[in-house]
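Accompanying notes for the structure given below.
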Amino acid sequence: MNFDPTSLMVYLVVGSQNVNDDPNEVIRVVQAACDAGVTSVQYREKDHSKLNQAEKVALGQKIRSITKAANVPLYVDDDLPLALAIQADGLHVGQGDTPVQEIHQVAPGLLLGLSVHDLKELAASEADLAVVDYLGVGPAFATTSKEEVKEAIGPKGVFSVASKSSLPVVAIGGIQEDNCQELAELPIAGVAVISAITASDDIQRSVQKLRGVTK
Ligand code: 3NM
């Protein structure tokens, strides 16, 4: 699949650990989010995930069929065997995860996203950028959805990285309906969220509000 920066507009990140360890709830959220118009999905089993690899593959395959039907790119967080097993479109990695050059060599067809927290990490990632399609920059605001998360960088911190980046940026971390407009003037391609969608009482409304950031 070719990378399209507009696919970063509203990027749902989700795994069973975000929805009380219930795979059926992951499926419900992904389906509702695709129906509501999310533009990318990342399947992320991490932190305190209780699923074994076979269960991840089974759930990932269901997410793959929903996202395929909706024509929405699917990424997997830092698990190349899982990404290949479910025929994901791409892989997202953080600093300290599997090096992107290594992934690109093994699976050159996969789209690649890389997390960057600040200008220092951006500079250190320079050599990787040639094989990366987009950067995830954050946490924009405080978040409880991720273990060992770094300090919030605020809209200014997102701006400092996004304005220096040659790659499209998706902001992530603590982005909710009621603060997302603080990111509206920044040079970003979109917003990535977990709880703004997984904990939403109206996914259609939430996705519409999040779309407003880059519209
Ligand atoms: N990565 P929520 S913050 C998965 O800063 C993830 O790299 C982050 O969850 C980073 O939208 C984060 O509920 C959690 O705050 C995002």
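Descriptive notes on the structure:
- Unmet criterion (only one of (1) in contact with a helix residue (DSSP H, G or I) (Cβ under 6 Å, 6 or more places away or on another chain); (2) surrounded by fewer than 19 Cβ atoms within 10 Å (Cβ to Cβ); (3) under 16 Å from GLU45 (Cα atoms)) for PRO81: (1)
- A count restricted to segment 180-205 and to residues that are closer than 27 Å to GLU25 by Cα and either part of a loop (DSSP other than H, G, I, E, B) or within 11 Å of the ligand (Cβ to nearest atom) (or both) stands at 13.
- Applying the condition of being within 10 Å of the ligand (Cβ to nearest atom), surrounded by fewer than 20 Cβ atoms within 10 Å (Cβ to Cβ) and among the small types (Gly, Ala, Ser) to segment 121-179 and asking which residue is farthest from HIS104 (Cα to Cα) yields ALA142.
- Number of residues in segment 189-209 that are in contact with a helix residue (DSSP H, G or I) (Cβ under 6 Å, 6 or more places away or on another chain), open to solvent by less than 40 Å² (accessible area, probe 1.4 Å) and touching a residue at least 60 places away in the same chain (Cβ under 8 Å) equals 9.
- Every condition in (1) under 15 Å from the mean Cα position of the chain (by Cα); (2) part of a loop (DSSP other than H, G, I, E, B); (3) closer than 20 Å to SER195 by Cβ; (4) of a type outside the set (Asp, Glu) is met by LYS50 except one, and the failing one is (1).
- Qualifying residue in segment 35-48 (condition: open to solvent by 20 Å² or more (accessible area, probe 1.4 Å) and free of Cβ contacts under 8 Å to residues at least 12 places away in the same chain): no
- Of all residues making up segment 1-47, the number that are part of a helix (DSSP H, G or I), farther than 18 Å from LEU91 by Cβ and either modelled with pLDDT under 95 or polar (S, T, N, Q) (or both): 6
- Taking each residue of segment 147-168 that is modelled with pLDDT of 95 or more and looking for partners that are open to solvent by 40 Å² or more (accessible area, probe 1.4 Å) and assigned to a helix (DSSP H, G or I) with beta-carbon atoms closer than 7 Å, six or more apart or interchain, yields PRO155/GLU182; SER160/LEU119; VAL161/LEU119; LYS164/LEU119; PRO168/PRO5.
- Checking ASN18 against (1) in contact (Cβ under 8 Å) with a residue 60 or more places away in the chain; (2) open to solvent by 50 Å² or more (accessible area, probe 1.4 Å), the condition it does not meet: (2)
The values are calculated or read from the model by the stated rules, or taken from the named source; none is laboratory data. Everything quoted here is computed from the prediction, not taken from an experiment. Counting neighbours? That spans all protein chains shown, and the Cβs are built from the backbone with ideal geometry, glycine included. For accessibility, only protein heavy atoms count, side chains too; no ligands or nucleic acids. Shrake-Rupley method; radii C 1.70, N 1.55, O 1.52, S 1.80 Å.
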